[in-house]
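Just below is one structure, and these are the notes that go with it.
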Amino acid sequence: MNAEPGIPAQIDDYRILHRIGHGGQGAVFRAEDPHGTPVALKVIHDELSKDPDHRRRFLREVELARRVAPFCTARVLDVGVFGDRPYIVSEFVPGASLHHVVQKEGPRTGGGLERLAVATATALAAIHRAGIVHRDFKPSNVLMGPEGPVVIDFGISRALDHTATMSGSIGTPGYMAPEQIEGGEVTPAADVFAWAATMVFAATGRRAFPGDTVPQLINAILHREPVLTGLPSGLKPLIQQALNKNPALRPTAAELVKTLTGDEFHVETAPLPPAPVPPPPPSKQNRRPALLAGALAVVVAGGVLGWQLWPKGDGSATGDGTRAQTSLSPSPSAAPITFGQALGEPIEVQENDVRSIAFTELDGVPLSVSGGDDNTVRVVDLDKRTELYAMSGHEGWVGHIVTGLLDGAAIAVSASNDGSLRIWDLRKGTQMSNPMLGHQGNVKAVDLGTLNGEPIAVSGGQDGTVRVWNLHTGEQDGDPMTGTTGTVWAVAYAEVDGKPIAVSAGDEGVVRVWDLTTRRQIGEPLTGHTNGWIRSIAVGTLDGAPVAITGGEDKTARIWDLATRTSLGAPLTGHTSWIWSVDFGEIDGRQIAVTGSEDRTARVWDLATGTEIGRPLEGHTDRIYDVTLGTLAGKPIVLTGSRDETIRLWDLSPPLPG
């Protein structure tokens with residue numbers, strides 16, 4: 001039964017079965033035509049389809065895609081409008097994307113790589129013969145179907161090109177040709193460039209133009225030579241020419257096919273003249289630079305963090321849904337590693353900003369559960385550094401994740417800009433029950449707890465409310481808590497004298513405490529942050545007293561006694577920009593906080609003294625949206641998630657620096 005918000009069980013002649021994907025353009029569903037034949041049906045997002053003239057142009061452009069000969073492409077079968085939202089029906093191709101396959105199984109080699117190159121070049125040749133430029137050819141738009149590679153989403157980017165000012169530039173950094181980045185004429189030669197970059201990724205598992213941030217990627221594409229190490233010698237000259245920065249010097253897709261299949265076509269093998277190497281770009285303040293034509297200004301949103309339902313120090317988790325403060329003492333046999341040292345290479349699974357990250361254990365295996373701007377919830381085995389699941393369902397950013405137990409099952413609950421909260425079974429990698437709907441607008445934060453013996457989630461959102469949800473029924477429990485002015489960016493569940501409370505904060509820059517039994521605010525708002533918003537809250541105990549820690553736009557983290565609702569001690573200062581996230585734990589008997597900031601560092605604090613422990617954790621190339629504490633091989637660690645699309649792990653093993 002379909003349970004997607006705003007999507008009925010039937011769209012015109014097509015019966016919706018379930019969601020199979022999503023992206024910046026729209027949501028993709030598996031459906032059936034009137035004869036029971038499976039099809040893929042893509043419904044374009046609301047914001048891309050509100051203007052009637054835009055819709056007409058969209059339908060006209062997609063009709064061109066129906067002319068493409070079905071050589072290694074997913075045929076476009078139908079196009080229409082459902083309400084005000086255009087949709088496209090295409091051939092259903094079972095199989096994972098090339099991006100996913102390479103991440104899971106490693107680079108393509110030998111005959112598999114050769115067949116991939118021929119099939120995708122053939123697909124582009126067919127697309128170009130129909131007078132279409134794909135404009136967004138990349139590994140995630142190549143499906144590894146049972147009958148071979150299949151190219152999808154051709155014709156869509158051109159159809160949506162008029163909406164670029166609303167949805168961001170058409171194309172994907174790392175696979176965009178120089179002329180596409182600079183806003184010049186986009187011809188079939190841009191697809192050839194993207195094809196070559198995709199083949200480099202397929203053959204090596206790396207981008208042809210390395211870079212940790214979008215500006216670095218763009219700088220490399222515009223000014224540097226591609227890194228082709230690891231390419232087979234027979235393929236390398238063709239790839240090199242296809243990546244020429246001058247579109248006039250690239251082969252056509254038809255010429256690619258001729259060369260790959262043995263027909264005569266001369267490939268220039270002389271080395272290209274060196275391009276001037278400019279200095280590295282300065283630290284960026286915006287994720288999408290101005291040179292991306294029509295790019296949408298980034299909406300600032302926080303990766304707020306509430307206290308997780310943590311495993312106990314012995315690796316077990318509380319079974320009744322109540323929290324246990326993290327004990328991060330290492331095992332006696334742990335090998336000494338310098339405090340603050342990065343553990344291994346960054347984890348790259350999210351395909352856009354990492355907004356939130358949580359830690360949990362399942363059968364003794366340490367897991368990270370992350371959410372981000374690619375609208376997915378992803379689970380990674382931290383021992384093996386491998387992705388276990390990429391869970392789809394949300395239609396907007398996943399801004400916050402919390403993990404815990406529900407009737408003994410390991411779960412994650414996610415909050416999204418699509419207005420929903422969702423529960424995920426971490427053992428199966430599947431969604432549990434229907435989305436939890438009720439917030440009017442984006443849902444920014446969620447935490448877990450218990451109320452009257454029932455497991456609950458507490459959430460906050462753009463509508464300025466704090467809401468309670470029964471996790472057994474998936475329904476809202478009682479009326480929302482109102483009175484907040486502005487978006488609620490952070491919530492946390494706690495208990496004071498055995499009574500369940502919620503702590504919330506957001507754009508108004510104050511901290512509010514709520515009695516979850518009466519649904520009334522306790523006392524006056526807590527003030528102390530001197531400027532702007534508060535994006536994050538973590539709760540725990542300090543010297544036996546229940547406390548909350550908040551991080552804000554004033555570059556400080558502050559500690560609050562939840563029993564007396566007063567500020568404790570001086571603020572934690574040291575960050576040079578906004579604090580997006582906080583977490584709370586204990587190492588070697590010392591109670592600590594960890595903060596993540598716009599300044600691209602995470603910092604560890606001794607809460608007894610209010611001083612920073614050691615040096616800042618440095619390595620991310622963009623803001624740190626979220627921090628969370630955990631354990632790995634018996635050692636305390638902190639995980640950080642960033643707008644640079646990576647997750648990093650840091651060793652916090654004692655001895656701690658002074």
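The values are calculated or read from the model by the stated rules, or taken from the named source; none is laboratory data. Please read all numbers here as calculations on a predicted model, not as lab measurements. We place every Cβ from the backbone using ideal geometry, glycine too, and count neighbours over all the protein chains shown.
Worth pointing out:
- Leading residue by the ranking (farthest from Ala457 (Cα to Cα)) among those in region 394-419 that are touching a His at 6+ places or on another chain (Cβ under 8 Å) and of a type in the set (Ser, Thr, Tyr): Ser416
- Meets criteria (closer than 23 Å to Val402 by Cβ and surrounded by fewer than 18 Cβ atoms within 10 Å (Cβ to Cβ)) for Ile537: no
- Reported count of residues in region 222-256, each being under 20 Å from Ala126 (Cβ atoms) and either of a type in the set (Phe, Trp, Tyr) or out of contact with any helix residue (DSSP H, G or I) (no Cβ under 7 Å at 6 or more places or on another chain) (or both), is 1.
Residue by residue, here is whether (1) assigned by TED's automatic domain parsing to the domain that holds Val102; (2) closer than 29 Å to Gly641 by Cα; (3) within 24 Å of the chain's Cα centre (by Cα); (4) among the β-branched types (Val, Ile, Thr) holds:
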position	(1), (2), (3), (4)
Trp195	yes, no, no, no
Thr204	yes, yes, yes, yes
Pro210	yes, yes, yes, no
Thr213	yes, yes, yes, yes
Ile221	yes, yes, yes, yes
Ala254	yes, no, no, no
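- Checklist (1) assigned to a loop (DSSP other than H, G, I, E, B); (2) within 21 Å of the chain's Cα centre (by Cα) applied to Val582, failing item: (1)
- Scoring Gly396 on the criteria (1) more than 16 Å from the chain's Cα centre (by Cα); (2) within 23 Å of Ile537 (Cα to Cα); (3) surrounded by fewer than 22 Cβ atoms within 10 Å (Cβ to Cβ) leaves a single failure, condition (1).
- Ala412 being in a strand (DSSP E or B) and closer than 24 Å to Thr465 by Cα: yes
- The listed residue being of a type outside the set (Phe, Trp, Tyr) and either on the phi > 0 side of the Ramachandran plot or free of Cβ contacts under 8 Å to residues at least 40 places away in the same chain (or both), out of Thr576, Thr550, Thr517, Thr541: Thr576
- A single member of His439, His472 is in contact with a Pro (Cβ under 9 Å, 6 or more places away or on another chain), surrounded by fewer than 18 Cβ atoms within 10 Å (Cβ to Cβ) and outside any strand (DSSP E or B), and it is His472.
- Single condition Trp195 does not satisfy, out of (1) at pLDDT 90 or above; (2) in a loop (DSSP other than H, G, I, E, B): (2)
- Yes/no for Arg467 being under 21 Å from Phe29 (Cβ atoms) and modelled with pLDDT of 95 or more: no
- Summed over region 540-560, the residues that are among the charged types (D, E, K, R), closer than 24 Å to Ile522 by Cα and either within 31 Å of the chain's Cα centre (by Cα) or surrounded by 18 or more Cβ atoms within 10 Å (Cβ to Cβ) (or both) give a count of 1.
- Restricting Gly453, Gly408, Gly429 to those that are surrounded by fewer than 17 Cβ atoms within 10 Å (Cβ to Cβ), assigned by TED's automatic domain parsing to the domain that holds Gly478 and without any contact (Cβ under 8 Å) to a residue 12 or more places away in the chain reduces the list to Gly453.
- Evaluated against (1) within 21 Å of Thr518 (Cα to Cα); (2) hydroxyl-bearing (Ser, Thr, Tyr); (3) out of contact with any Ser or Thr (no Cβ under 9 Å at 6 or more places or on another chain), Thr482 falls short on exactly one condition, (3).
- If you check Arg512, Arg519, Arg467 for being surrounded by 15 or more Cβ atoms within 10 Å (Cβ to Cβ), over 15 Å from Val443 (Cβ atoms) and in contact with a Pro (Cβ under 6 Å, 6 or more places away or on another chain), only one passes: Arg512.
- Conditions (1) part of a loop (DSSP other than H, G, I, E, B); (2) in contact with a strand residue (DSSP E or B) (Cβ under 6 Å, 6 or more places away or on another chain); (3) under 30 Å from Arg30 (Cβ atoms); (4) of a type outside the set (S, T, N, Q); number of the one not met by Asp374: (2)
- Count of residues meeting criterion [over 15 Å from the mean Cα position of the chain (by Cα), among the small types (Gly, Ala, Ser) and part of a strand (DSSP E or B)] in region 623-654: 1
- Subset of region 224-239 [farther than 29 Å from Val349 by Cβ, of a type outside the set (Gly, Ala, Ser) and surrounded by fewer than 20 Cβ atoms within 10 Å (Cβ to Cβ)]: Pro237
- Residue that is part of a loop (DSSP other than H, G, I, E, B), under 21 Å from Gly509 (Cβ atoms), out of contact with any Leu (no Cβ under 7 Å at 6 or more places or on another chain) and assigned by TED's automatic domain parsing to the domain that holds Leu362, where the choices are His575, His620: His575
- Of all residues in region 384-409 being of a type in the set (D, E, K, R) and part of a loop (DSSP other than H, G, I, E, B), the one that is nearest to Glu454 (Cα to Cα): Asp407
- Residue in region 563-576 that is under 20 Å from Thr487 (Cβ atoms) and at pLDDT 95 or above present: no
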